[in-house]
Amino acid sequence: MGARAPRRRPGGDPALTPETVQDQPAAGPVAGDTSPSPAAGGALAPPGVASAVSPQSQAILFPTREQYHDVMAAYRDGGFALLADLTAVDYLTHHGRTLPDTVAPERFELAVVLLSISRSERVRLRVQVPETDPVLASVWDLYRGAEAMEREVFDMFGVVFEGHPDLTRILMPEDWEGHPLRKDYGVGRVPVQFKEAPGPR
């Protein structure tokens, strides 16, 4: 019977052991070796970006909001041409996620997945976004596919992307109040009306 897969924590990342969490970019391939190496994608990150390696040997980067756009540009220029996913997580009621010691947890976390088809590599970015100032740079200028993804994060979580060409709601009506995927969003109720049961036929 095969080994069980690592338990996944809220947010989608497998549980990271302390040994996998680093404060420096993950190591890249050995000079002269053209085959992909474990977490080789981490080598493209600019200096000073905290990183970790998942049990599946995938690079996970933790750029700050200020580093986020530059890191995305470095990966786009490094061959990661596909923005596979861009979403967010509200950690209002969950405070136990694993982060590098140098990364301060915030209520919101932006989760991004980039793919390099030619290199058969995947890299993930996790950006902490504070509740009091949920704003960071749009990457629409780097990945055109981010246009709809960022609008959905804005609509559902209230995270604002500066530089987005049309940051409007995409799922909810324009006059909707609040952001439905926030953990403190009221669920609300729909009134139900019951009719009197018909008499004997």
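Classify the range 80-160 as rounded, prolate or oblate from the Cα gyration tensor: take a ≥ b ≥ c as the square roots of its eigenvalues, call it rounded if a/c is under 1.5, otherwise prolate when a/b beats b/c and oblate if not.
It comes out oblate by the Cα gyration axes.
Taking θ = phi - 60°, what integer Hz values does the Karplus form 6.51 cos²θ - 1.76 cosθ + 1.60 yield along the range 112-122, in sequence order, with x for Gly and Pro?
10, 10, 10, 10, 10, 5, 5, 9, 6, 10, 10
Based only on other Cβ atoms within 10 Å, what is the fewest-to-most ordering of SER57, SER138? Kindly include the intermediate steps, with their values, before the conclusion.
On the way: SER57 13, SER138 19.
Final ranking by Cβ density, sparse to dense: SER57, SER138.
For VAL129, list long-range residues whose amide hydrogen, built 1.01 Å from N in the peptide plane, is under 5 Å from its own amide hydrogen.
Residues meeting the amide H criterion: GLU106, PHE108, GLU109, LEU110.
List the chymotrypsin sites (Phe, Trp or Tyr not before Pro) in the range 101-201 that DSSP assigns to loop (not H, G, I, E or B) and whose Cβ has at most 11 other Cβ atoms within 10 Å. Which are they? Walk me through the numbers on the way to the answer.
Details: sites: PHE108, TRP140, TYR143, PHE154, PHE157, PHE161, TRP176, TYR185, PHE194; in loops: TRP140, TYR143, TRP176, TYR185, PHE194.
Within the range 101-201, the qualifying chymotrypsin sites (Phe, Trp or Tyr not before Pro) (loop, at most 11 other Cβ atoms within 10 Å) are TRP176, PHE194.
I want the antiparallel fraction of DSSP beta bridges within the range 56-201, as a percent rounded to 5.
Just about 75 percent of them are antiparallel.
Once amide H atoms are built 1.01 Å from N in the peptide plane, which residues 5 or more positions from ALA50, or in another chain, come under 5 Å H to H?
Long-range HN contacts for ALA50: PHE62.
Taking 7 Å along the Cα-to-C-beta vector as the label spot, tell me the TRP176-GLU152 distance in nanometres, rounded to one decimal.
1.3 nm
How about the range 104-201: which GluC sites (Glu not before Pro) there are in a DSSP loop, with at most 11 other Cβ atoms within 10 Å of their Cβ?
Values: sites: GLU106, GLU109, GLU121, GLU131, GLU147, GLU150, GLU152, GLU162, GLU174, GLU177, GLU196; in loops: GLU106, GLU131, GLU174, GLU177, GLU196.
Hits after loop and neighbour filter: GLU174, GLU177, GLU196.
In the range 36-107, which trypsin sites (Lys or Arg not before Pro) are in a loop and have at most 16 other Cβ atoms within 10 Å, using DSSP for the loop call?
ARG97
Read-outs: derived from the displayed coordinates by stated rules, not from any lab. It should be emphasised that the depicted structure is a prediction, and the values quoted were computed from it without experimental measurement. Don't worry about glycine lacking a Cβ; one is built from the backbone with ideal geometry, like all the others, and counts go over all protein chains shown.
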